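Engineer: For reference, the structure I am asking about is given below.
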Amino acid sequence: MISKIEGKIEKIADNSVTVVVTPGVFWDIFVPSGILSRLKQTKRKGDELTLYTLEYIEFPSGGGNAYPHLIGFADENDREFFRMFTTVDGVGFKKALKALTKPAKDIAHAIETEDNSVISSLPGFGGRTADKVVAALRGKVAKFALLKESEPLVAEKRKPDEITLENDAVAILQQLGYNEKEGRAMVQKTISESPKVKSPEELINIIFKKGLTGKG
(Lines give C-alpha, C1' and ligand atoms only; values in the text may rest on other atoms or scores of the structure.)
Protein backbone atom coordinates (compact mmCIF):
# COMPACT_ATOMS: atom_id res chain seq x y z
CA MET A 1 0.00 0.00 0.00
CA ILE A 2 1.25 3.48 -0.89
CA SER A 3 0.98 5.64 2.24
CA LYS A 4 3.15 8.64 1.39
CA ILE A 5 4.25 10.44 -1.79
CA GLU A 6 7.13 12.92 -2.00
CA GLY A 7 8.11 14.72 -5.17
CA LYS A 8 7.83 17.90 -7.23
CA ILE A 9 4.59 19.40 -8.49
CA GLU A 10 4.05 19.02 -12.22
CA LYS A 11 0.47 20.30 -12.40
CA ILE A 12 -2.41 21.34 -10.15
CA ALA A 13 -5.77 20.56 -11.75
CA ASP A 14 -9.38 21.12 -10.67
CA ASN A 15 -9.53 18.09 -8.37
CA SER A 16 -6.04 16.61 -8.35
CA VAL A 17 -2.32 17.29 -8.36
CA THR A 18 0.31 15.60 -10.51
CA VAL A 19 3.58 14.86 -8.69
CA VAL A 20 6.88 13.81 -10.25
CA VAL A 21 8.31 11.19 -7.90
CA THR A 22 11.32 10.23 -10.02
CA PRO A 23 12.23 11.45 -13.53
CA GLY A 24 9.65 10.09 -15.93
CA VAL A 25 7.28 8.84 -13.21
CA PHE A 26 4.16 10.98 -12.65
CA TRP A 27 1.45 10.31 -10.07
CA ASP A 28 -2.04 11.82 -10.40
CA ILE A 29 -3.40 12.20 -6.88
CA PHE A 30 -6.93 13.30 -5.96
CA VAL A 31 -6.99 15.91 -3.17
CA PRO A 32 -9.94 17.14 -1.01
CA SER A 33 -11.24 20.55 -2.10
CA GLY A 34 -10.03 22.45 0.97
CA ILE A 35 -6.47 21.14 0.72
CA LEU A 36 -6.43 21.71 -3.06
CA SER A 37 -7.41 25.34 -2.50
CA ARG A 38 -4.43 25.79 -0.17
CA LEU A 39 -2.16 24.17 -2.75
CA LYS A 40 -3.27 26.59 -5.45
CA GLN A 41 -2.58 29.54 -3.14
CA THR A 42 0.84 28.46 -1.87
CA LYS A 43 2.48 26.19 -4.43
CA ARG A 44 3.57 26.29 -8.04
CA LYS A 45 5.10 23.93 -10.59
CA GLY A 46 8.47 22.58 -9.45
CA ASP A 47 7.81 23.02 -5.71
CA GLU A 48 8.46 20.08 -3.40
CA LEU A 49 5.35 18.44 -1.99
CA THR A 50 4.62 15.69 0.52
CA LEU A 51 1.21 14.04 0.62
CA TYR A 52 -0.01 11.30 2.96
CA THR A 53 -2.07 8.98 0.81
CA LEU A 54 -4.70 6.28 0.83
CA GLU A 55 -5.79 4.08 -2.03
CA TYR A 56 -9.25 3.24 -3.23
CA ILE A 57 -10.75 1.33 -6.14
CA GLU A 58 -13.49 2.91 -8.23
CA PHE A 59 -16.04 0.49 -9.66
CA PRO A 60 -18.04 1.96 -12.57
CA SER A 61 -21.78 1.83 -11.91
CA GLY A 62 -22.46 0.34 -15.32
CA GLY A 63 -19.86 -2.39 -14.96
CA GLY A 64 -16.51 -2.61 -16.71
CA ASN A 65 -12.96 -2.25 -15.46
CA ALA A 66 -12.22 -1.03 -11.94
CA TYR A 67 -9.81 1.89 -11.55
CA PRO A 68 -7.32 2.34 -8.69
CA HIS A 69 -6.89 5.89 -7.33
CA LEU A 70 -4.74 7.69 -4.78
CA ILE A 71 -6.06 10.43 -2.47
CA GLY A 72 -3.56 12.82 -0.86
CA PHE A 73 -3.68 14.70 2.45
CA ALA A 74 -1.60 17.34 4.21
CA ASP A 75 -0.90 15.07 7.17
CA GLU A 76 -1.90 11.81 8.80
CA ASN A 77 -4.66 13.43 10.85
CA ASP A 78 -6.41 14.69 7.71
CA ARG A 79 -6.15 11.20 6.24
CA GLU A 80 -7.58 9.55 9.36
CA PHE A 81 -10.46 12.04 9.52
CA PHE A 82 -11.28 11.38 5.85
CA ARG A 83 -11.39 7.64 6.53
CA MET A 84 -13.85 8.15 9.38
CA PHE A 85 -15.93 10.69 7.46
CA THR A 86 -16.44 8.26 4.59
CA THR A 87 -17.78 5.52 6.89
CA VAL A 88 -21.05 7.46 7.10
CA ASP A 89 -23.81 5.93 4.98
CA GLY A 90 -24.13 7.88 1.73
CA VAL A 91 -20.77 9.65 2.03
CA GLY A 92 -18.45 8.01 -0.46
CA PHE A 93 -14.91 9.01 -1.42
CA LYS A 94 -15.97 11.15 -4.40
CA LYS A 95 -18.58 13.00 -2.38
CA ALA A 96 -16.17 13.61 0.49
CA LEU A 97 -13.46 14.95 -1.86
CA LYS A 98 -15.82 17.69 -3.05
CA ALA A 99 -17.44 18.33 0.32
CA LEU A 100 -14.37 18.83 2.50
CA THR A 101 -13.81 22.50 1.73
CA LYS A 102 -13.21 23.35 5.39
CA PRO A 103 -10.36 22.15 7.65
CA ALA A 104 -10.98 18.81 9.36
CA LYS A 105 -10.80 20.51 12.78
CA ASP A 106 -13.72 22.83 11.91
CA ILE A 107 -15.91 20.02 10.59
CA ALA A 108 -15.05 17.85 13.60
CA HIS A 109 -15.96 20.70 15.95
CA ALA A 110 -19.31 21.11 14.19
CA ILE A 111 -19.99 17.38 14.55
CA GLU A 112 -19.13 17.32 18.26
CA THR A 113 -21.25 20.42 18.99
CA GLU A 114 -24.11 19.18 16.78
CA ASP A 115 -23.87 22.27 14.58
CA ASN A 116 -25.71 20.73 11.64
CA SER A 117 -25.75 24.04 9.77
CA VAL A 118 -22.00 23.81 9.16
CA ILE A 119 -22.23 20.23 7.89
CA SER A 120 -25.24 20.91 5.66
CA SER A 121 -23.41 23.87 4.08
CA LEU A 122 -20.72 21.59 2.64
CA PRO A 123 -20.96 21.17 -1.18
CA GLY A 124 -23.28 18.31 -2.10
CA PHE A 125 -24.65 17.98 1.44
CA GLY A 126 -28.01 18.87 2.91
CA GLY A 127 -29.87 18.64 6.18
CA ARG A 128 -30.55 14.92 5.93
CA THR A 129 -26.91 14.04 5.22
CA ALA A 130 -25.77 16.38 8.00
CA ASP A 131 -28.04 14.52 10.45
CA LYS A 132 -26.47 11.20 9.39
CA VAL A 133 -22.93 12.54 9.82
CA VAL A 134 -23.58 13.92 13.29
CA ALA A 135 -25.43 10.79 14.42
CA ALA A 136 -22.67 8.50 13.16
CA LEU A 137 -19.58 10.44 14.26
CA ARG A 138 -20.47 12.51 17.32
CA GLY A 139 -18.22 11.39 20.17
CA LYS A 140 -15.69 9.86 17.80
CA VAL A 141 -13.97 12.91 16.27
CA ALA A 142 -13.27 15.08 19.32
CA LYS A 143 -9.50 14.73 18.95
CA PHE A 144 -9.64 16.27 15.47
CA ALA A 145 -11.56 19.30 16.78
CA LEU A 146 -8.67 20.02 19.17
CA LEU A 147 -5.92 19.87 16.55
CA LYS A 148 -4.07 22.85 15.17
CA GLU A 149 -4.54 23.30 11.44
CA SER A 150 -1.78 21.49 9.54
CA GLU A 151 0.78 23.59 7.68
CA PRO A 152 2.76 21.26 5.40
CA LEU A 153 1.32 22.99 2.33
CA VAL A 154 2.51 26.48 3.25
CA ALA A 155 4.89 27.83 0.64
CA GLU A 156 8.55 27.29 1.38
CA LYS A 157 10.28 30.24 2.99
CA ARG A 158 12.46 32.11 0.54
CA LYS A 159 15.63 34.05 1.25
CA PRO A 160 15.40 37.85 1.09
CA ASP A 161 17.86 38.01 -1.84
CA GLU A 162 15.69 35.58 -3.84
CA ILE A 163 12.63 37.77 -3.29
CA THR A 164 14.62 40.90 -4.24
CA LEU A 165 15.89 39.22 -7.41
CA GLU A 166 12.35 38.30 -8.45
CA ASN A 167 10.91 41.75 -7.69
CA ASP A 168 13.74 43.59 -9.50
CA ALA A 169 13.30 41.44 -12.61
CA VAL A 170 9.53 41.98 -12.57
CA ALA A 171 10.09 45.75 -12.29
CA ILE A 172 12.31 45.69 -15.39
CA LEU A 173 9.68 43.79 -17.36
CA GLN A 174 7.03 46.30 -16.29
CA GLN A 175 9.24 49.08 -17.65
CA LEU A 176 9.30 47.14 -20.93
CA GLY A 177 5.51 47.18 -21.12
CA TYR A 178 4.44 43.96 -19.39
CA ASN A 179 1.96 43.99 -16.52
CA GLU A 180 2.88 42.74 -13.07
CA LYS A 181 1.07 39.40 -13.44
CA GLU A 182 2.72 38.61 -16.80
CA GLY A 183 6.15 39.65 -15.55
CA ARG A 184 5.97 37.64 -12.33
CA ALA A 185 4.81 34.51 -14.17
CA MET A 186 7.75 34.73 -16.59
CA VAL A 187 10.25 35.43 -13.81
CA GLN A 188 9.03 32.62 -11.53
CA LYS A 189 9.12 30.12 -14.41
CA THR A 190 12.68 31.17 -15.27
CA ILE A 191 13.85 30.98 -11.65
CA SER A 192 12.38 27.47 -11.27
CA GLU A 193 14.22 26.33 -14.43
CA SER A 194 17.44 28.28 -13.78
CA PRO A 195 17.82 28.52 -9.96
CA LYS A 196 21.49 29.61 -10.15
CA VAL A 197 20.72 32.94 -11.79
CA LYS A 198 22.16 35.75 -9.66
CA SER A 199 21.07 39.03 -11.26
CA PRO A 200 17.81 40.46 -12.67
CA GLU A 201 19.62 41.33 -15.91
CA GLU A 202 20.64 37.70 -16.37
CA LEU A 203 17.06 36.63 -15.68
CA ILE A 204 15.70 39.02 -18.33
CA ASN A 205 18.24 37.79 -20.88
CA ILE A 206 17.17 34.19 -20.29
CA ILE A 207 13.49 35.12 -20.60
CA PHE A 208 14.01 36.74 -24.00
CA LYS A 209 16.46 34.08 -25.17
CA LYS A 210 13.93 31.32 -24.45
CA GLY A 211 11.08 33.32 -25.95
CA LEU A 212 9.03 33.18 -22.75
CA THR A 213 7.55 36.61 -23.43
CA GLY A 214 5.45 35.24 -26.25
CA LYS A 215 6.61 38.12 -28.42
CA GLY A 216 8.94 37.91 -31.32
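Engineer: Just one of THR86, THR101 is among the polar types (S, T, N, Q) and in contact with a Lys or Arg (Cβ under 9 Å, 6 or more places away or on another chain); which is it? Steps first, please.
Structural biologist: On the way: THR101 fails: in contact with a Lys or Arg (Cβ under 9 Å, 6 or more places away or on another chain).
Testing whether each residue is among the polar types (S, T, N, Q) and in contact with a Lys or Arg (Cβ under 9 Å, 6 or more places away or on another chain) leaves just THR86.
Engineer: While we're on this one: Of everything in region 81-95, what is in a helix (DSSP H, G or I) and either within 18 Å of HIS69 (Cβ to Cβ) or out of contact with any Phe, Trp or Tyr (no Cβ under 6 Å at 6 or more places or on another chain) (or both)? Give them in sequence order.
Structural biologist: Narrowing region 81-95 to residues in a helix (DSSP H, G or I): 81-85, 93-95.
Result: PHE82, ARG83, MET84, PHE85, PHE93, LYS94, LYS95.
Engineer: Also, I was wondering about something else. Pick from ILE57, ILE5: which is touching a strand residue (DSSP E or B) at 6+ places or on another chain (Cβ under 6 Å), surrounded by fewer than 18 Cβ atoms within 10 Å (Cβ to Cβ) and without any contact (Cβ under 8 Å) to a residue 60 or more places away in the chain? Before you say what the answer is, go through the steps one by one.
Structural biologist: Details: ILE5 fails: without any contact (Cβ under 8 Å) to a residue 60 or more places away in the chain.
Exactly one residue qualifies, and that residue is ILE57.
Engineer: Working only within region 60-96, note down all residues that are in contact with a strand residue (DSSP E or B) (Cβ under 6 Å, 6 or more places away or on another chain), among the aliphatic types (A, V, I, L, M) and buried (at least 17 other Cβ atoms within 10 Å of the Cβ).
Structural biologist: The answer is LEU70, ILE71.
Engineer: Now, a different point. Is it true that ASP131 is surrounded by fewer than 17 Cβ atoms within 10 Å (Cβ to Cβ), over 20 Å from the mean Cα position of the chain (by Cα) and touching a residue at least 40 places away in the same chain (Cβ under 8 Å)? Break it down into steps so the answer makes sense when it comes.
Structural biologist: Values: surrounded by fewer than 17 Cβ atoms within 10 Å (Cβ to Cβ): yes; over 20 Å from the mean Cα position of the chain (by Cα): yes; touching a residue at least 40 places away in the same chain (Cβ under 8 Å): no.
It is false that ASP131 is surrounded by fewer than 17 Cβ atoms within 10 Å (Cβ to Cβ), over 20 Å from the mean Cα position of the chain (by Cα) and touching a residue at least 40 places away in the same chain (Cβ under 8 Å).
Engineer: Of everything in region 136-187, what is out of contact with any Pro (no Cβ under 8 Å at 6 or more places or on another chain), among the charged types (D, E, K, R) and at pLDDT 85 or above? Give them in sequence order.
Structural biologist: Of everything in region 136-187, those that are out of contact with any Pro (no Cβ under 8 Å at 6 or more places or on another chain), among the charged types (D, E, K, R) and at pLDDT 85 or above turn out to be ARG138, LYS140, LYS143.
The values are calculated or read from the model by the stated rules, or taken from the named source; none is laboratory data. This is a predicted model, so every value here is computed, not measured. For neighbour counting, all protein chains shown are included, and Cβ atoms are generated from backbone atoms with ideal geometry for every residue, glycine included.
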